Amino acid sequence: MTDGTDPVFFFMHVMKTGGTTFVQHLEGNFGPDEVYPPAQRGVDRQRAYYMIDELRDLSPERRDATRLYMGHFPYVVGALVGADVTLTILRDPVERTVSFLRHCRRYHAKHAERPLEEIYDDPWMYPLYIRNYQAKLFAMTVDDKLESHLDEIDVDDRRLAGAVDNLERVDVVGLSDRYDQFVDETHRRFGWRIDPAPDLRVSTEGWDVSRAFRARIASDNAADVAFYVYACELHDRRRRAS
């Protein structure tokens, strides 16, 4: 708590789940000095949005002033910043992967002419951004000596069980394909103002993905698929109970 009463929020922004659209709402509900990283754009903010050492180096004064932390961080960062409330949005792993591959082709010059399957097979991109990515973020621990969400770990059965346990501790779990429900819940629970904002989740390219490639993504990322199935069950269970 910043002053003994106000909760500290942590938005765990999982890449390619609709989080960039939601960040617009978050920034409308907190003052500029209450948000980490600060709203200015550029390389410094980009680094602060995912590098854990930036959080460790915050001054006590900056920590005391911050009511919202957000970024491409693993779950364990919530404990590092002393968060009282954690929120996240998850997405079907196949759809998230396809969206990420399209993003690479759209914005990265070196991938502009490459088939999506070739980007997927890139020996640098796959282990960092794709392989069981969502489960990985929830399975990471302080013992992993983490630098960022891009660190590599093997999500075996033990790690997957830990990821599921951590997901249970997240206060608000949203699903990308039920995004409006997530936004409505944050309004209901926290009284946040939800002003009209551009939907940044939509892509228009007609880069089709074959059924065989989708099946391969699911097979390669079985831990992520299992993790997402559990996330859907958790989401539905909480909806029924509310």
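Of note:
- If you go through the stretch 81-95 and keep only what is buried (at least 24 other Cβ atoms within 10 Å of the Cβ) and out of contact with any Gly (no Cβ under 9 Å at 6 or more places or on another chain), you end up with just P93.
- One residue from R201, R188, R114 being farther than 16 Å from F73 by Cα and either surrounded by fewer than 11 Cβ atoms within 10 Å (Cβ to Cβ) or modelled with pLDDT of 95 or more (or both): R188
- Some residue of the stretch 135-150 being modelled with pLDDT under 95 and aromatic (F, W, Y): no
- Test result for V229, surrounded by 15 or more Cβ atoms within 10 Å (Cβ to Cβ) and at pLDDT 95 or above: no
- Taken over the stretch 153-182, the criterion of being among the hydrophobic types (A, V, I, L, M, F, W, C) and either in a strand (DSSP E or B) or in contact with a His (Cβ under 7 Å, 6 or more places away or on another chain) (or both) is satisfied by V172, V173, L175.
- Scan the stretch 12-57 for residues that are under 15 Å from the mean Cα position of the chain (by Cα), part of a loop (DSSP other than H, G, I, E, B) and aromatic (F, W, Y) and the total you get is 2.
- 2 or more residues over 21 Å from the mean Cα position of the chain (by Cα) and closer than 23 Å to N29 by Cβ: qualifying helices (runs of 4 or more DSSP H) within the stretch 58-136: 60-65
- Inter-residue pairs, beta-carbon under 8 Å, first farther than 20 Å from K145 by Cβ and in contact (Cβ under 8 Å) with a residue 24 or more places away in the chain and in the stretch 56-81, second surrounded by 15 or more Cβ atoms within 10 Å (Cβ to Cβ) and polar (S, T, N, Q), 6+ apart: D64/T2; A65/T2; T66/T2; R67/T2
- In the stretch 126-169, the residues that are loosely packed, with under 13 Cβ neighbours inside 10 Å, of a type in the set (D, E) and over 28 Å from R237 (Cα atoms): D143, E147, E152, D154
Residues checked against (1) over 22 Å from R169 (Cβ atoms); (2) among the basic types (K, R); (3) modelled with pLDDT under 95:
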residue: V8; (1), (2), (3): no, no, no
residue: T20; (1), (2), (3): yes, no, yes
residue: G28; (1), (2), (3): yes, no, yes
residue: P32; (1), (2), (3): yes, no, yes
residue: G42; (1), (2), (3): yes, no, yes
residue: A48; (1), (2), (3): yes, no, yes
residue: I52; (1), (2), (3): no, no, no
residue: L55; (1), (2), (3): no, no, yes
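- Restricting attention to the stretch 148-166, the residues that are over 22 Å from I89 (Cα atoms) and under 17 Å from the mean Cα position of the chain (by Cα) add up to 0.
The values are calculated or read from the model by the stated rules, or taken from the named source; none is laboratory data. This structure is a prediction, so every number in the text was calculated from the model and none was measured. Note: ideal-geometry Cβ built from the backbone for every residue, glycine included; neighbour counts use all protein chains shown.
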